[in-house]
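Reading through the structure tokens given below for one structure.
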Amino acid sequence: MADVEWVKVAAYVAAGLCMGIGTLGPSLGQGFIGGKACESLGKKPEAYDQIFRMMMMSLAFVESTAIYALLVSILLIFK
């Protein structure tokens with residue numbers, strides 16, 4: 001009975017670490033993408049549509065890794 005509790009504790013800790021570490025990279029990447037997009041808009045404001053479209057696509061790709069980390073955490077908790 002005590003072994004089952006340790007497994008649950010380990011799963012919760014692993015889920016927390018997975019979310020913490022798994023979202024660190026995407027958050028830094030999103031900040032970098034946003035900063036470079038603002039820099040590009042300052043240099044060439046007439047290309048707003050192209051820059052905005054590319055920024056949004058890039059943010060969606062970067063966010064997908066954070067969503068994978070969330071799915072792994074959910075699996076650790078409920079399995």
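Computed from the coordinates by the stated procedures, all read-outs in this text should not be read as laboratory data. Since the structure is predicted, the reported quantities are computational estimates derived from the model, not experimental observations. As a convention, Cβ positions derive from the backbone with ideal geometry for all residues, glycine included, and neighbour counts pool all protein chains shown.
Table for the structure above
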| read-out | value |
| --- | --- |
| Positive-end residue of P26, P45, L71, charge dipole of segment 2-78 with Cβ unit charges | P45 |
| The chain: relative contact order in percent, alpha carbon pairs under 8 Å with at least 6 residues between | 54 percent |
| In sequence order, calculated HN-Hα J values of segment 10-15 (Karplus, 6.51, -1.76, 1.60; Hz; x Gly/Pro) | 4, 5, 5, 5, 5, 5 |
| For segment 28-38, 3J(HN,Hα) per residue [Karplus equation, 6.51 cos²θ - 1.76 cosθ + 1.60, θ = phi - 60°, Hz, x = Gly/Pro] | 5, x, 5, x, 5, 4, x, x, 5, 5, 5 |
| Cα-based Rg and Dmax for the chain, where Dmax is the largest Cα-Cα distance (Å) | 18.6, 66 |
| Cα centroid of segment 1-40 to Cα centroid of segment 46-79, whole Å | 13 Å |
| Nearest-20 debye value, the chain charge dipole, Cβ charges on Lys, Arg, Asp, Glu | 140 debye |
| Theoretical ellipticity at 222 nm over the chain - DSSP helices of four or more residues, -39500 (n - 2.57) apiece, nearest 500 | -32000 deg cm²/dmol |
